[in-house]
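Reading through the structure tokens given below for one structure.
Just so it is clear, none of the values below were taken in a lab; they were calculated from the coordinates. Everything numeric in this text was worked out from a predicted model, so none of it was measured.
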């Protein structure tokens, strides 16, 4: 059995307490001939590499753990079921945390992937790419899940952090959560409900790279700054005056040749602050400088280190103490940038000799209840795919489109 870290267990607890979906999803349109045997073989190869994907959660002394192997593939001839699939909570105590929904069609298939608490975004997209790439050719043997030490294991965190500095940073976060200084996104309501995704594409990412170079930052920070300015403009149209924004950004801990070996969330989160009235380049530089300084101080490891022993609590008690105002995210919004060295769209075409082609792809991310909206960026070699995931109780489809237009205007 593979024991969950406190971070992974938190996502399970937060979904239970808040009653909202906390899974990540990808919906792929695939052209070409595809049958059940091909899909079963590709999924089996992924499960061999990452067995926890097909497990269910068991409560044990010392926390939660994945155990067993279950079927993760569901087939339907109803394309409308994808929406329900996207919005149905995964109960990891009763079903696998990873699932694939297949809508077979004569020449154009839809494959919907989702997962909850068993991977981070970087690993999830790697898994999706491995399944798609293995449809025509089974990949070579790879190291099994658990071959490396989890970066959020308590012993590793203890070596890489200082208790005093970690405690100081945790107290700072607690004060910020209590003071609630930063703006909230203007929403219709902060209540549970279905999610949807508004997708936009920047077909030439070179312009963003040029702006990033001029601001002396990496491209993600230009987009993050544009997102905060877009949220401020959105709020201002609705009477909001607070320009102080805060954004949660993940810090990936996946490094080296075995980066994609272990399941679980190999990431931590930093909360950054910025005045959205600043020019785009200056705001991007401010966010980048704060991010670099925080990582150097190991701020991103403080909360995981202090919270690591909490996973030893009985589950009923863990659910109560782990889900707090600070842990559930007090920031204005959330921003994620995911980039892989290999484009799985090209990989699918190459491995199948053109017999299978990815025609389109959509992504959505978890959305914290308080935030109501989040931006995820998939950085492809030739373009940037901007996915605004939002809760329909907070924003309408038209609202999301307006917010997306504001973001594109900042990036134009």
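Here are a few things to note about the model shown:
- Normalised by the number of residues in the range 1-120, the mean separation of alpha-carbon contacts (under 8 Å, six or more apart) gives a relative contact order of 36 percent.
- Helix-only CD estimate at 222 nm, as mean residue ellipticity for the chain, using -39500 (n - 2.57) per DSSP H run (n ≥ 4): -11500 deg cm²/dmol
- Taking the DSSP bridge list for the chain and keeping only pairs wholly inside it, about 80 percent are antiparallel.
- When the inverse distances between all different Cα atoms of the chain are averaged and flipped, the Kirkwood radius reads 21.9 angstrom.
- Separation between Cα centres of the range 43-70 and the range 102-134, rounded to whole Å: 18
- Antiparallel DSSP beta bridges within the range 300-412, as percent of all bridges there, nearest 5: 55
- Distance from the range 255-317 to the range 331-354 (C-alpha centre basis), Å: 22
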